[in-house]
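S.K.: Pasting a structure below so you can have a look.
The values are calculated or read from the model by the stated rules, or taken from the named source; none is laboratory data. Note that the coordinates shown come from a computational prediction; the quantities given were computed from them, not determined experimentally. In this analysis, Cβ positions are derived from the backbone assuming ideal geometry, glycine residues included, and neighbour counts consider all displayed protein chains.
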Amino acid sequence: MKRFKKSIRVIVLILFVGICGVVALNYPKLTILTGYSAKNINSSVFVANRSLEYTDTNDNNFSPVNLADDKIDVEERVTISSVFGLKERKAIYREGLGSVLIDDDFDEDKLALVPNRTITDTGLAYPYGDLKQKDTVFTTINYDTVTKAVASIFDTNGENIQKTRAVMVLYKDQIIAEKYINGLDKDSKLLGWSMTKSILSTVYGVLQGQGKIDIYSKAPIEEWQNDVRKEITINNLLQMNCGLEWEEDYGSISDVTKMLYVASDMTTPQIHKKAIHKPNEYWYYSSGVSNLLSGILRKQFKNYQEYLDYPYREFIDKIGMHSMLMETDMKGNYVGSSYAWATVRDWGKFGLLYLHKGNWNGTQIFNPEWVDYVTTPSPTSNGDYGGHFWLNSGGFYPDAPRDMFSANGFQGQRVFVIPSKDLVIVRFGLIGDAGVDFNTFLKEITEAVE
């Protein structure tokens, strides 16, 4: 009996030391960790209408985020996360603006302006309305191959490797395949993460087409006017080759994690970075650049309400992406790097808008030349990146068509646009290329289309 008690004490001691070790190792990261958990829980519950339990089990169940203890006040729409009571962070939900991670200086009682939305019922079938599509069978499609390809990137028998949550394949505006995991369906809102960058780029495309901005003009940043950074153009920012210093590392305390989980104004961190290369000489992916662009966008309007309304009025609601919500930071800026939510079908509409070169059922949302712009490879990107869109012109996916381009997000969120095949493919999941063979998946889908 004494041996047994001693063994129990040893086991408890080992566990305690182990837990202390994990906490000590991650303590400097706890602000980021608890910030991520509080924000993600809040958005999942109050934007996407999922439960705390669902989110903790499915979205926040990876190390070290799963160390967080999450609490929720449904009535006040508040989430609080901490690790063993340490580094407590708070996120709140605001109707029309989504969830925001806040600090002690944030005034929760201050009335916030919200975007004006126009929800229209066109009386048409998807994608130009919400009615059910007519059954259409294309003789140019091998449906068995498409069905098998879609099923192949979903986990079976508890594998939990590919972690695909939803897939939709559109051909000639028709849904030819659509599949969801249990618990999600066509009405479920999903976070696009960095696919939001392509949404932001599209807003610039609309402005450009309306003659309200010139993307080849110098970036209007006051802090840059007395040094070499004054030569940076909006185009350089959209193409991610501005030459500014930045660290895009999500596994450490880096520029991007501090921006997303500490900064009150996410449009400013990239502004204060020095130039380490000349524009067009060095491509580097930076979420800081995208949020800087959101700040520049805000400067294009005479008041804040116009900034809030413009993306929805001129683009998002105009094509019926009514489920979409773009979240703002503490200062009211759209988080253009990361935080747009919508259903799979509405993300599919976004892909179709580009497939049709900006034309939406007869209405030109942006000029066709904008598609040429975003699909032109950024200098030094090896053909992988354009104007806030990813490209396949360099053959990143060797067995997919070279004209394919896509909006990409963390954990493998994708909207693939393949003009040569008249295809749009949407995929949502919790892991990307590390767990999913996108190359084979795309090869099988495109080969199924004659």
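S.K.: Only one of 221, 176, 199 is assigned by TED's automatic domain parsing to the domain that holds residue 274, within 28 Å of residue 132 (Cα to Cα), modelled with pLDDT of 95 or more and touching a helix residue (DSSP H, G or I) at 6+ places or on another chain (Cβ under 8 Å); which?
M.R.: After applying the criteria, what remains is 199.
S.K.: Let me spell it out: the conditions are (1) touching a strand residue (DSSP E or B) at 6+ places or on another chain (Cβ under 7 Å); (2) assigned to a loop (DSSP other than H, G, I, E, B); (3) surrounded by 12 or more Cβ atoms within 10 Å (Cβ to Cβ), and residue 114 meets all of them except one. Which number is the exception?
M.R.: Against the list (1) touching a strand residue (DSSP E or B) at 6+ places or on another chain (Cβ under 7 Å); (2) assigned to a loop (DSSP other than H, G, I, E, B); (3) surrounded by 12 or more Cβ atoms within 10 Å (Cβ to Cβ), residue 114 comes up short only on (1).
S.K.: Right, residue 121: outside any helix (DSSP H, G or I), under 17 Å from residue 320 (Cα atoms) and modelled with pLDDT under 95 or not?
M.R.: Answer is yes for this residue.
S.K.: Next question, about the same structure. Enumerate the strands (runs of 3 or more DSSP E) found wholly within region 54-101, keeping only those where 3 or more residues are surrounded by 15 or more Cβ atoms within 10 Å (Cβ to Cβ), out of contact with any Lys or Arg (no Cβ under 6 Å at 6 or more places or on another chain) and not charged (D, E, K, R).
M.R.: 78-83
S.K.: While we're on this one: Checking residue 25 against (1) at pLDDT below 65; (2) farther than 19 Å from residue 249 by Cβ, which single condition isn't satisfied?
M.R.: (2)
S.K.: Another question, then. Which one of 144, 135 is charged (D, E, K, R), closer than 23 Å to residue 172 by Cα and part of a helix (DSSP H, G or I)?
M.R.: Answer to the selection: 144.
S.K.: Separate question: Looking only at region 264-294, count how many residues are surrounded by fewer than 21 Cβ atoms within 10 Å (Cβ to Cβ) and out of contact with any helix residue (DSSP H, G or I) (no Cβ under 6 Å at 6 or more places or on another chain).
M.R.: 15
S.K.: Same structure, new question: Give, as residue ranges, the strands (runs of 3 or more DSSP E) completely inside region 150-264 that count at least 3 residues that are β-branched (Val, Ile, Thr) and on the phi < 0 side of the Ramachandran plot.
M.R.: In region 150-264, 164-171 are the strands (runs of 3 or more DSSP E) which contain 3 or more residues that are β-branched (Val, Ile, Thr) and on the phi < 0 side of the Ramachandran plot.
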